[in-house]
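Read through the structure below, which is laid out as structure tokens, and then see the notes.
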Amino acid sequence: MTLDDLASTSGEWLRGSGPESDIVISSRIRLARNLADFPFISRATDADRAEIERILHGRVESLRTAGKAPAESLYLKVSELPEVDRQFLVERQLISREHAQSEGARAVVVDPSERFSVMINEEDHLRIQVMHSGLALNEAWEQATKLDDMIEEQVTYAYNERLGYLTACPTNTGTGVRVSVMLHLPALAITRQIEKVFKSLHKINLAVRGLYGEGSQATGDFYQISNQVTLGQTEEELAKKVADVVPVLIDYERQARSFLIENSQETLHDRVSRAFGILRTAQTISSEETMHLLSSVRMGINLGLIGDLAIPTVNKLLIHTQPAHLQKLSGVELDQADRNIERATYLRRHLNGESKGNVSHN
Amino acid sequence: MKCQKCDRPATFHITDLVDGEPSELHLCEECAQSFLAPSQEEAQDVMPAMAGLLAQHLAVGETADELARLDQRACPVCGITFLQFRKQGRLGCPHDYVFFEKELEPLLMSIHDQTQHVGKVPKRCPHGADQQTQLIRLRREMKEAVSSEEYERASEIRDKIREIEAGFREAKGE
Ligand SMILES: [Zn+2]
Ligand SMILES: [Zn+2]
């Protein structure tokens, strides 16, 4: 398997199945770990980074040989990849933007089904992340801790009995765990209740981010909810805190959708139909507009206002219309103007005359 | 003392590095916040919260002198100074949590509301990790010894490194 093979598929977390998957896109657990006998990244020399990468690469290979890691998993030296490939991995959420843009030796291990990835030399030496479609935090945590155990059989982690796993940033120390769910909340956005919801989440120490991680603007009404505290509570407690708030948010979103259906069905139906119409006919379209319109279409499908399109197709289009994906799929480098044309072409090809529930791959 | 940027009383005393020279800034809370608020790009990170917290807990009640002295303290293992940590918000090595324990305590408390880990414990070496961290210092010292051509010292340090590494291999049962 190669990175190019990933371009034509769409990964476990976009499968659009699993509990509550009309609103909960994916569940994710990330663990931050560091080797005890190396400085953290900010004080690591180029030689240190290269050595950390070499050691961890060796560990991954021995896990693969022992049959503990999938033989098909990809080991990619991120520092040696062209810009478009790094951007592709960011769009796919397999690496962070920081990992794509930073300096020095760094790598990522990618599971062929994209259920997990392990970043080497991100902000911490190791960032282990597990992704699941729908609401499945317990399953994600179980897999993450198993991966963590497997890697730990071979290396000594920086750890202190009082403060737990030691991380480069004190905001991650303790469990080093970031538990997050990605939610699609278009009706809360339309009814202008989203700000209120965020404020109450902040009050209980949960963070809200956009689709592409730290600080990015929420595009297309996709929001990532995650824990802020990492010390003084167990991983299960932290996961539960996020998991407990999800049904409440789902309920708010469903109420807002019912409210829209009851009070302004024509406006809502019009909005959804126009969005679908633009996506099926546009000749040039930006990534932002695409996300925005796909968000409306996605809600329209869930409300039964659009009948001949499947959720996994929309999930796939959300990712495949991102700049690096378009370039990987078309096999050529494109500037922004050409990308907008290619994106419109891609959308027309996939949204016109697609039969019910069919997830095509090209 | 008045704030250097407006007329309110200065409650924050910040030591900044200007062209490598420490220079003191005396600011009110509002001006301190905008001073510490990083550029647009960094603002996307957790940094604003971090920098704000740091300023709150370090600057209040510290005189400029005390803070300047604190900022010069450097971790014996990785060499990071407290000022460097304050500026970048990232620590330099695991030993910093021990070396800057007193300074980090209020920060950890405001981020997490707790300072005692209760989660997962590594299966291997949960007690020996800090000893392993000493390898960072030894490797650094060995490199310095080599570059200053003190080969005898370098080889002594190398033996010590090997001793520690062998001890860990034994503990692993290899
Ligand atoms: Zn002022
Ligand atoms: Zn240090």
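We did not get these values from a lab; they are worked out from the coordinates using the rules stated. These figures come from a predicted structure and were not determined experimentally. When we count neighbours, we look across all protein chains shown, and the Cβ atoms used for this are built from the backbone with ideal geometry, even at glycine.
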Rounded to the nearest 500, the 222 nm mean residue ellipticity computed for chain A from DSSP H runs (n ≥ 4, each -39500 (n - 2.57)) alone is -15000 deg cm²/dmol
Treat the protein assembly as shown as a sphere of radius equal to its Kirkwood radius over Cα pairs and apply Stokes-Einstein at 37 °C in a medium of 0.692 mPa s; give the translational diffusion coefficient in µm²/s, rounded to a whole number. 130
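With a ≥ b ≥ c taken as the square roots of the eigenvalues of the C-alpha gyration tensor of the range A:3-256, please select rounded if a/c is under 1.5 and otherwise prolate if a/b is larger than b/c or oblate if it is not? It would help to have the intermediate numbers written out before the result.
Details: a/c = 1.79, a/b = 1.47, b/c = 1.22.
Prolate.
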Between helix A:235-281 and chain A: long-axis angle, C-alpha atoms, 0 to 90°, nearest 10: 30
Calculate I(q)/I(0) for the range A:17-167 by the Debye formula, one identical point scatterer on each C-alpha and no solvent, and give its log10 at q = 0.15, 0.19, 0.20 Å⁻¹ to two decimals. -0.78, -1.23, -1.33
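Let me confirm one metric for peptide B:103-115, namely the mean number of other chain beta-carbon atoms within 10 Å of its residues' beta-carbons. Write down the numbers at each step before the final one.
On the way: counts 0, 3, 0, 0, 2, 7, 2, 0, 11, 12, 5, 6, 6.
For peptide B:103-115, the averaged partner shielding equals 4.
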Could you order peptides A:238-248, A:224-234 by the average number of other Cβ atoms within 10 Å of their residues, highest first? A:224-234, A:238-248
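Mind checking the mean number of beta-carbon atoms from other chains within 10 Å of the Cβ atoms in A:168-179?
That average works out to 6.
Taking the Cα centre of chain A as origin, work out the dipole magnitude from +1 charges on Lys and Arg Cβ and -1 charges on Asp and Glu Cβ, in debye rounded to 20.
Numbers: 40 positive and 50 negative charges, 161 e Å.
Taking the Cα centre of chain A as origin, the dipole is about 780 debye.
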What is the dipole size for the range A:264-359, taken about its Cα centre, with +1 at each Lys and Arg Cβ and -1 at each Asp and Glu Cβ, in debye to the nearest 20? 240
Under a crude label model (7 Å from the Cα following the beta-carbon direction), how far is residue B:116 from residue A:263 in nanometres? 5.0
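Around residue B:97, with a cut-off of 12 angstrom between Cβ atoms, what is the net charge of the other residues, counting Lys and Arg +1 and Asp and Glu -1?
Working: positive: A:162, B:102; negative: A:161, B:96, B:101, B:103, B:105, B:130.
Charge balance in the 12 Å sphere: -4.
Scaled to the compact-protein estimate 2.2 N^0.38 Å, what is the alpha-carbon radius of gyration of the range A:264-359, rounded to two decimal places? Kindly include the intermediate steps, with their values, before the conclusion.
Working: Rg = 13.2 Å, N = 96, 2.2 N^0.38 = 12.5 Å.
That ratio works out to 1.06.
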Global size of the range B:129-171 as Cα Rg and Dmax, reported in angstrom: 10.9, 34
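Structure shown: which of A:203/B:120; A:203/A:316; A:196/A:241; A:241/A:328 lie over 29 Å apart, alpha-carbon to alpha-carbon? Please report the intermediate quantities before stating the final value.
On the way: A:203/B:120 26 Å; A:203/A:316 34 Å; A:196/A:241 19 Å; A:241/A:328 39 Å.
Pairs exceeding 29 Å: A:203/A:316; A:241/A:328.
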